Amino acid sequence: MYSSTIYDKGKIDRWMVAFYLFFVVAGWLNIYAASYDLENAVNIFDLSGRAGMQLIWIGTSLLVAFAIMKIDTSFFDTFALLFYAIGIILLIVTVAIAPDIKGSRSWLVLGPVSIQPAEFMKFIIALALAKIMNIHGFKLMETKNLLLVSAIILLPMLIVIFQSETGTALVYLSFVIMLYREGLPGGFIFTGLAMIVYFVVGIKFSEEQIGIFSRGEVYTIVIILIFTAGMVWSYVKRMNVLLYILGISATIFLGSYLLSLFNWIEVDYGISAIISLSLVVLYLLFLSLRYWKIIYLLMALFAIGSFVFLESVEYVFEDVLQPHQQMRIKVTLGMEEDLLGSGYHIGQSKIAIGSGALFGKGYLNGTQTKLKYVPEQDTDFIFCTIGEEQGFIGSSVLLLLFLIFILRLIFMAERQKTTFGRVYGYAVAGVFIFHLIVNIGMVLGLTPVIGIPLPFFSYGGSSLWGFTILLFIFLRIDKSRKRI
């Protein structure tokens, strides 16, 4: 808990304020450029246009930022869990009463204003996590604490998924970055990344059967074997175990290949893969019993869990994801073109950015964006306008500034005197990192189109308010980090 004897000896971090103001103004100018109509151009201050409306949101965001800086820091600690409860209630209410807007039920319509509660859950979850993890004696890796922290993140995530806002729900996974800083073993993050690899490879090569499994499943089982061997080397450093695992797998696959050279023998590489995996798992279980070490058991469970996940991928992809979501993933993985359907966004986005060349076409001179070839170009695809009008140089400068901004956030998080401040600071950094990677990747066709805004640049009041509150709460905490 924060003491009531907090003195604001520190000053607000001026670098972060400067970054914020620059991003907001640059975002406003680019929203005007993206929504500029060649035939019916309106003044940038005209409230009937997107830029004019965004200016109102900027003004109210500045007022919110100013108000946050006047609130005592202990307020955020004291009421963090109350905010979380209210946020969960709002998410549930949104599911129940929100109108269907482009297939999503995530907006509460309050007269002329629409608010997306899921955007505000970013700072609310961050505060709740900081509150819980600031409790004296809290240890993240105690089972009850790990389950509690996971529940705080996963509960709103599941509710937002019910709103058909998968992109926003995935943002909540960015808090894993903070959890890693606070002691979450790297194996958890590695497992998560491995699952992504399994999903991509399993789907990418799923259309060709080579026996009992598809080519994607066989490739993925080979990857599971390699990952398992890598974990053996990372955690136990026993070369003989590593060589045994690789030797088992290589021998079986090599034998299968040699047998396939005989035309009268039909080799099923799927069977070879499952035999290799089974023998490796049995070997690890044997080692766990022989040396009575749980690490071998955990590695065996990793291999088994990886295979179970692999076998669920096809079901999730075909029966859980919507057809348009499936198509977006196929387009991203290069399995489909669909330039007139799900691939249209990415195709036009690449054309717009590529046409900007090195130095860009100049402000308000982007033909691809002005002629409205790029859908959602003032919201999720705002980076297309930057790429076309400012070119590679301008885009690179912007990304460099965002990198400095994030590094500054991490530096500030490390200088906090309390767990509350450090946890919240890393949570803020994680959210911005996730948004930048996914949004830029989405525009460049490296990640599926899932509707993630570019911080401070994409049009929208809820988004701008959410990012402003998220950042300025941290600036307020940082300002009060010196205590007596």
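Amide H to amide H, with H built 1.01 Å from N, SER114 comes under 5 Å of no residue 5 or more places away or on another chain. Fully extending the segment from GLU318 to LEU173, taken as 0.36 nm per residue of separation minus the present Cα-Cα distance, adds 49.9 nm.
For the chain, the dipole from Cβ point charges (+1 on Lys and Arg, -1 on Asp and Glu) about the Cα centre works out to 2260 debye, to the nearest 20. Couplings 3J(HN,Hα) for the stretch 136-147, derived from phi with the Karplus relation 6.51 cos²θ - 1.76 cosθ + 1.60 (θ = phi - 60°), are 4, x, 5, 10, 4, 7, 5, 3, 5, 5, 5, 5 Hz, where x marks Gly and Pro. Along the stretch 117-124 the Karplus relation, 6.51 cos²θ - 1.76 cosθ + 1.60 evaluated at θ = phi - 60°, assigns HN-Hα couplings of x, 4, 5, 7, 5, 4, 6, 5 Hz to successive residues, with x for each Gly and Pro. In this structure, the residue pairs whose Cα-Cα separation is over 32 Å, taken from LYS131/LYS204; LYS139/LYS479; LYS131/LYS293; LYS70/LYS370, are LYS131/LYS204; LYS131/LYS293; LYS70/LYS370. Taking θ as phi - 60° and the Karplus parameters 6.51, -1.76 and 1.60, the scalar couplings of the stretch 277-284 work out to 5, 5, 5, 5, 4, 4, 5, 5 Hz in sequence order, x denoting glycine and proline. With unit charges on the beta carbon (Lys/Arg positive, Asp/Glu negative), name the residue among SER74, GLY430, MET53 whose Cα is farthest towards the positive pole of the charge dipole of the chain. Towards the positive end, the residue furthest out is SER74.
Look at the alpha carbon pairs under 8 Å that are at least 6 residues apart: their mean separation over the length of the chain gives a relative contact order of 25 percent. Taking Cα centre as origin and charging only the Cβ of basic (Lys, Arg, +1) and acidic (Asp, Glu, -1) residues, the dipole magnitude of the stretch 208-329 rounds to 780 debye. Against the set (i) 1.04; (ii) 0.98; (iii) 1.10, the structure's computed Cα Rg over 2.2 N^0.38 Å falls on (iii). The modelled label-to-label distance for the pair TYR235/ALA41, using points 7 Å beyond Cα in the direction of Cβ, is 6.3 nm.
Every number in this text was worked out from the coordinates using simple rules, so none of it is lab data. Note that the coordinates shown come from a computational prediction; the quantities given were computed from them, not determined experimentally. For neighbour counting, all protein chains shown are included, and Cβ atoms are generated from backbone atoms with ideal geometry for every residue, glycine included.
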